[in-house]
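Let me begin by presenting the structure, written as C-alpha cells, before commenting on it.
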Amino acid sequence: MILLSCLLFLCLALTAYSFVGYPVVMAVLARLRPRPWREGPGAAHAGLSVVLCVHNAGAVIRRRVQNLLECQWEAPLEIIVVCDGCTDDTVAELESLSAPQVRVLERPTRAGKPAGLNLAIPQCAYPIVVLADARQTFHPEALQKLAAPFADSGVAAVSGLLEIASSAAGGGQGVDLYWKLETKLRASEGLHDSVIGCTGAICAIRRDLYTPLPEDTLLDDVVIPMRLAVAGGRVIYEPAARAFDPQQLRPEKEKSRKLRTLVGNYQMLERYPAWLLPWRNRLWWQLFSHKYLRLFVPWLLLAVIVLTLLLAHTWPGRVLLFAQVACYGAAFLGMAMPQVRVRALTIPAGFVMLQLSCFMAFFAYLRSRKNYLKLWQPSAPSAP
C-alpha cells in the first residue's frame, strides 16, 4: 500500500507541476531574475520584410495586406506573399492592389507553410522578417513593437500576442482560460530568458539566422525559435505587439488544432532529442516542463484513476475517488451542455477536452509518421 500511495502522489505531483507548479516557478524566476533587453531602431532600421504563406485566401488577402501596409512603420517595408498551390483568385487580388511593396511567390502545388518559409525567407531584402498569417489583423503599432527588441544583438526572435475572440460555447470557455494562462507563462519565460515557441500568427526573426525546415514540420512556430535559442540567441515575448483573430475558440476547431500541435511535439521530440540535454540546450528544463511533460498528463491521470481504485478501501482513496467523480462529472456535463456558461462546468470541460486531444495525439502521431501533412484539414481562408 505504501508503494501504491507513493506512485499516486508522484502522478498527482507531476500533473500539478505541469499546469500549476511550472508556471509558478517561472513567474518567481521572472520576478527575481529578470533579463531586460535593449530596445530601439537597431537592425530593423534597415527595413522590414513580412512573409505570408497562404492557400486560397482570395476572400481575405486584400484586406490583410492593406492592414499590413497601414501599420505604423517609417523604414522600408516589403510584403512577400507565398501563394501555396492557390486555385482561387488570391493572385489576382494581390495584383489588383498595385502596391510596389508587395511581392508574390507562386507554388504550383500545395506544400505547406514550412516549404513556403524556406522559399520566401532567403529572398527577403531586409534583416528582420515578420511571420504572419492571412486570417488575423495587426494592431497599427505591431510592426514597431516587434522590431524594437532587435536593437539588442542577443535577441534572435520576438513573439507577439494573439488575441482570440472569446468562445460562446461552455467548453470553449475552459479553452479560453487555458490560452490566457499560456500567454502569462510565455511572458514569464521571455522575461527570465526565452519563450518556448512563438505565436505563429505574429512573430519576427533575424533573417540570417534562419535555416531551412523539413517541409513536413508541424510546429514551425516552435522549431524555428528553439533552433535560434539552441544556437545561443534569445527569444522574447512582446505582448504590446498584438494581432487579432476574429475566429472564436470553438471546441471542435480547437480540438483539431490542438491535436496537430501535440503531434508536432511528438515529432519534435523524435527529431531533436538533443534539445533535452542540459549541455546542449540551456532551455532543456523549460522545454520539458512546457511541452513534453504535458504529453504524459493523460497517462498520469489514467494512472491516478487506477491507483485510486486500488486504494479505495482507505479513507484518502475514497476522498480522492469522490473528488475525481465530481470533477469528471462536471466536465462531461460541461461538454454535453455547451450552452451552459458556468465556470464550475466550463473549466473542467476545457481541461478534459485538452487531455482527450493529448491522449489521441499519441495514436495520431503513430499513424501519421509517414505523412504528417495529412493532419492538416483544408480550411479557407487560412495559412497552410
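The values are calculated or read from the model by the stated rules, or taken from the named source; none is laboratory data. What you see is a predicted model; the values in this text were computed from it and never measured. All Cβ positions, glycine included, derive from the backbone under ideal geometry; neighbour counts span all protein chains shown.
Here is a yes/no grid of residues against (1) of a type in the set (Ser, Thr, Tyr); (2) in contact with a Pro (Cβ under 7 Å, 6 or more places away or on another chain); (3) free of Cβ contacts under 8 Å to residues at least 24 places away in the same chain:
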| position | (1), (2), (3) |
| --- | --- |
| THR211 | yes, no, yes |
| THR217 | yes, yes, no |
| ARG242 | no, no, no |
| LEU283 | no, no, no |
| HIS290 | no, no, no |
| VAL319 | no, no, yes |
Exercise for review: Note down all Cβ pairs under 9 Å where the first residue falls in the stretch 262-281 and is free of Cβ contacts under 8 Å to residues at least 40 places away in the same chain and farther than 27 Å from LEU354 by Cα, the second is basic (Lys, Arg) and surrounded by fewer than 21 Cβ atoms within 10 Å (Cβ to Cβ), and they're at least six residues apart or on different chains.
Suggested key: ALA274/ARG280
Review point. Name the pairs: first residue in the stretch 331-343 and surrounded by 14 or more Cβ atoms within 10 Å (Cβ to Cβ), second residue of a type in the set (Ser, Thr, Tyr), Cβ to Cβ under 6 Å, at least 6 apart or on different chains?
Key: GLY334/THR346
Practice item. Looking only at the stretch 77-89, count how many residues are at pLDDT 95 or above and over 15 Å from GLY116 (Cα atoms). Key: 2
Review point. Looking at (1) modelled with pLDDT of 95 or more; (2) touching a helix residue (DSSP H, G or I) at 6+ places or on another chain (Cβ under 7 Å); (3) farther than 25 Å from VAL24 by Cβ, which is the only condition ARG227 fails?
Key: (2)
Check your understanding: If you check VAL304 against the conditions, is it surrounded by 15 or more Cβ atoms within 10 Å (Cβ to Cβ) and either small (Gly, Ala, Ser) or modelled with pLDDT of 95 or more (or both)?
Key -> yes
Review point. All but one of (1) outside any helix (DSSP H, G or I); (2) surrounded by 13 or more Cβ atoms within 10 Å (Cβ to Cβ) hold for ALA27; which doesn't?
Key: (1)
Review point. Which residues, taken from the stretch 114-154, are of a type in the set (Val, Ile, Thr), within 18 Å of GLN66 (Cα to Cα) and in contact with a Pro (Cβ under 9 Å, 6 or more places away or on another chain)?
Key: THR137
Check your understanding: Exactly one of (1) assigned to a helix (DSSP H, G or I); (2) at pLDDT below 95 is unmet by SER188. Its number?
Key -> (2)
Practice item. Run LEU177 past the list (1) closer than 26 Å to LYS291 by Cα; (2) modelled with pLDDT under 95; (3) not charged (D, E, K, R); (4) not in a helix (DSSP H, G or I) and report the number of the one that doesn't hold. Key: (4)
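Return yes when ARG227 is within 16 Å of VAL155 (Cβ to Cβ), touching a Pro at 6+ places or on another chain (Cβ under 8 Å) and surrounded by fewer than 23 Cβ atoms within 10 Å (Cβ to Cβ) and no when it is not.
Values: within 16 Å of VAL155 (Cβ to Cβ): yes; touching a Pro at 6+ places or on another chain (Cβ under 8 Å): no; surrounded by fewer than 23 Cβ atoms within 10 Å (Cβ to Cβ): yes.
So ARG227 does not fit the description; no.
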Study note, to complete from the structure: Exception for GLN72 within (1) in contact with a Pro (Cβ under 6 Å, 6 or more places away or on another chain); (2) within 30 Å of GLY350 (Cα to Cα); (3) polar (S, T, N, Q) falls at (2)
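Those residues that are part of a loop (DSSP other than H, G, I, E, B), hydrophobic (A, V, I, L, M, F, W, C) and at pLDDT below 95, I need them from the stretch 247-288; list them, please.
Selection gives LEU249 alone.
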Exercise for review: Tell me which of these VAL65 doesn't satisfy, since it passes every other one: (1) in contact with a strand residue (DSSP E or B) (Cβ under 8 Å, 6 or more places away or on another chain); (2) touching a residue at least 40 places away in the same chain (Cβ under 8 Å).
Suggested key: (2)
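Of the residues LEU3, LEU12, LEU48, which is more than 23 Å from VAL235 (Cβ to Cβ) and either touching an Asp or Glu at 6+ places or on another chain (Cβ under 8 Å) or touching a residue at least 12 places away in the same chain (Cβ under 8 Å) (or both)?
Numbers: LEU3 fails: either touching an Asp or Glu at 6+ places or on another chain (Cβ under 8 Å) or touching a residue at least 12 places away in the same chain (Cβ under 8 Å) (or both); LEU48 fails: more than 23 Å from VAL235 (Cβ to Cβ).
The match here is LEU12.
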